[in-house]
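The values are calculated or read from the model by the stated rules, or taken from the named source; none is laboratory data. Keep in mind the model is a prediction, meaning the values are calculated, not measured. Cβ coordinates were reconstructed from backbone atoms using ideal geometry, including for glycine residues, and neighbour counts include every protein chain displayed.
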Amino acid sequence: MADIDELINELVLANRILAANGVVDAFGHVSVRNPNNPNRYFLSKSRSPELVDREDILEFDLESRIADGRKEPAYHERFIHGGVYEANPEINAVVHSHALDVLPFTLTDVPLRACIHTASQIGEEVPVWDIRDKFGDTGLLVSNVDQGRDLARTMGKNYAALMRGHGFTAAGRNLGEVLKISIYLPQNAKVQKEAMMLGGGKVKFLSAGEIAVRDSYGPGGRDLFRAMAYWAKQAGCEHMLDYKKK
């Protein structure tokens, strides 16, 4: 049986890390699947990620209902998480972000592709989900189970999907992996835009082989602990790291 207490600690730390890196601000969220019950996941109640603490963490079922029936304010877009977990049994952590650097790639026909090695797990091309395609005019928020499932279908087996005029959703096999993807995906978008301006659209992207080699290093890569320690210090949360897991 997994140590749920430690997992909650890691989820709180993940919230703080994403906020410190500007991946989330007042909005956005991160969740983790319950390893002792794959049909449940943990996510904060509706609160800005930088402020999330242990007592804010709730457990949800895959239809994104609070599992114990408590009446707490929940994130409007929690259905993103339920949809991804339901569709992908190998995924154990999900992030939703409104990072500005990705938005041009959600509004044009220019695909976002991996061009920096740290963002290799976004794949050869990141799919774009447009809520209007199936659901017509909405507020662009993923506000029900059907919308969450449709987003998950577009994501497929990719580790990320862009959302038209909205942001992105990232998924990982553990919290460290989804943090790495979420931090470096917007950086990749920024570098790609700058390279396209310099090179007139001729950019050398990572090859399928290069992506495969980097993915063979495992979830998050070979130096994930080093990265986690750095991110935690940036967020002022070094004390939350379990150094016994070096």
>> Just to be sure I understand the filter: pairs with C-beta atoms under 6 Å, separated by 6 or more residues or on different chains, first member in region 79-104 and farther than 12 Å from residue 172 by Cβ, second member at pLDDT below 95. Which pairs pass?
In response: none
> When you go through 86, 90 one by one, which is the residue that is on the phi < 0 side of the Ramachandran plot, part of a helix (DSSP H, G or I) and either within 13 Å of the chain's Cα centre (by Cα) or at pLDDT 95 or above (or both)?
Replying inline: 86
> Out of all the residues in region 93-104, which are buried (at least 21 other Cβ atoms within 10 Å of the Cβ) and assigned to a helix (DSSP H, G or I)?
Replying inline: 102
> For region 64-101, what are the residues that are over 30 Å from residue 192 (Cα atoms) and either touching a Pro at 6+ places or on another chain (Cβ under 9 Å) or among the polar types (S, T, N, Q) (or both)?
Replying inline: 64, 89
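How many residues does region 211-234 contain that are touching a helix residue (DSSP H, G or I) at 6+ places or on another chain (Cβ under 8 Å) and either at positive phi or loosely packed, with under 14 Cβ neighbours inside 10 Å (or both)?
Pass one, region 211-234, residues touching a helix residue (DSSP H, G or I) at 6+ places or on another chain (Cβ under 8 Å): 211, 214-215, 219-221, 224-225, 227-229, 231-232, 234.
Checking which are either at positive phi or loosely packed, with under 14 Cβ neighbours inside 10 Å (or both) leaves us with 220-221, 234.
Going through region 211-234 one residue at a time, the tally reaches 3.
Yes or no, residue by residue, for (1) acidic (Asp, Glu); (2) surrounded by fewer than 15 Cβ atoms within 10 Å (Cβ to Cβ):
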site	(1), (2)
11	no, no
19	no, no
37	no, yes
58	no, no
69	no, yes
72	yes, yes
> Pick from 147, 192: which is surrounded by 19 or more Cβ atoms within 10 Å (Cβ to Cβ) and farther than 19 Å from residue 28 by Cβ?
Replying inline: 192
